[in-house]
Structures are given as structure tokens and as C-alpha cells.
Amino acid sequence: MAISNTSIIFPIIVFVLLSTNIPTQASDSGSGNSKATNLMVEACKNASINSYIKTVPEEFCLSTLQSDIRSIKAKDLHDLVLIAMDITKGRLTSASGMVKKMLQNAKKGTVRMRVLRFCEVDYEEMASILNICDAMIRNYQGYKGNMRFQELASCVNDAYDPAGACEEELQDMPEEAALFKENTELQMLVWMGTNFLVPMVVP
């Protein structure tokens, strides 16, 4: 299982939590009767054009946030980051469940067994990283806590490595398109959460 080390060099980053005065009047996102607040639209727009982390499609970002009703009530970017983390952890639980179910019918000594076992370990590692990051974000006290804000974005981005390792393994199991798709979206969720944490970069 090859896990690549992701190294990101952040320039000076200014953490801007959008004001609670941002209007919550919804704008039509084109997703059925769902609506996207101005806060959600702006956050997803930034996530889709951020040049320091891999970008995510704006439509994917919006539909993801709209899948959780709490997004509509989010007062600022910090709220959205925590919601995105919850969504990511929920999707990870779903992917892990898929792997465990497949393992029940996998034969020992096969490529299928190897791939699924490695992905199982990858997802366990990813869950541990996300739990650590989630606690860091919830308890962030700014410089009072002697922690740089960049560390939060770096932490969330670290969760990409296990998902990337699972993706490499899944190349040997092309018949499992559903799991591959789920794993790909997990990576996109990690990038989305990371991009939310670097909303403004000062050149």
C-alpha cells in the first residue's frame, strides 16, 4: 500500500469567518426545491477556484451542503466547515460499510481480498485523522491556543492520503465501480473541507 506524502506550502493566510450579518435569503441552486444561501454559494465558489488545494466543482460542493439541512442555518464559514466535516465522516462510514460487506464474500489469497483489506485499513486511518481534525477545528482558539490556523487546513488535507492509497489499490478491482466512485467523492470532500479553511490568501 503506497501512501504518498502530501506537502503543502501555505502563504500568509488570513482566516475570515463570514459575518453573521450575511443574508440567508436563498438563491436557486437548480437542485430541485433546494436552495443555497449566499454563504454557501460564496464558500463553494471559493472552493472551486482555490489554487493552493485541489479544486472541487462548485455544483458538487453546493449539492453536498444542501444534503444537510443545517447548512441553511449556518451563520458563518466556521459552521459550514463543521457541517462539511460531519458529511465527510458520514460518507466515510458508508464507504467503510461497503468494504466490510464485500469482505464477507471475498476469498482468502485473492487480489480482491488484498485490495479490500488495504482499503479497510486506509479508511480506519482516515477516520482517525478526521476525528483529530474535527476536534482541532471545534476547539480552535486562534493564536491564544498557540496554534496556527494553517494547521487546521493541513490536518484535513492529510485525510486525503489514505483515500488516495485506497484509490491506487482499487485500480486492481475495476469491477467495483460503486466503491471507486464513493472513494473518489471522499477525496473531493476532503479537498472541499480543506478549501473552506483557506478562504482568503494574501499574496
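Enumerate the amide H contacts of THR37 below 5 Å, restricted to partners 5 or more residues apart or on another chain; note that Pro and chain-start residues carry no placed amide H.
Long-range HN contacts for THR37: SER27.
Tell me, what ³J(HN,Hα) does each residue in region 40-47 have, in order and in whole Hz, if you take phi through Karplus 6.51 cos²θ - 1.76 cosθ + 1.60 with θ = phi - 60° and put x for Gly and Pro?
Once rounded to whole Hz, the list reads 5, 4, 5, 5, 6, 4, 4, 5.
With a Cα-only, solvent-free Debye model of region 42-93, what are the log10 I(q)/I(0) values at q = 0.13, 0.23 Å⁻¹?
Each listed q corresponds, in turn, to -0.29, -0.91.
Take the solvent-accessible surface of the protein heavy atoms, probe 1.4 Å, and return the percent of it on region 38-200 that carbon and sulfur atoms account for.
Carbon and sulfur: 53 percent of the exposed surface of region 38-200.
ALA159: net charge of surrounding residues, Cβ under 11 Å, Lys/Arg +1, Asp/Glu -1, itself excluded?
Residues close to ALA159 contribute a combined charge of -4.
State in Å² the accessible area per residue of region 38-200; use a 1.4 Å probe, count heavy atoms of protein chains only, and round to the nearest integer.
On a per-residue basis, region 38-200 sits at 47 Å².
For region 62-156, which trypsin sites (Lys or Arg not before Pro) pass both filters: DSSP loop (anything but H, G, I, E, B) and at most 11 other C-beta atoms within 10 Å?
Hits after loop and neighbour filter: LYS107, LYS108.
The values are calculated or read from the model by the stated rules, or taken from the named source; none is laboratory data. Keep in mind the model is a prediction, meaning the values are calculated, not measured. Please note: Cβ atoms are built from the backbone with ideal geometry, for glycine as well, and neighbour counts cover all protein chains shown. Only protein heavy atoms, including side chains, enter the accessible area calculation; ligands, DNA and RNA are left aside. Shrake-Rupley method; radii C 1.70, N 1.55, O 1.52, S 1.80 Å.
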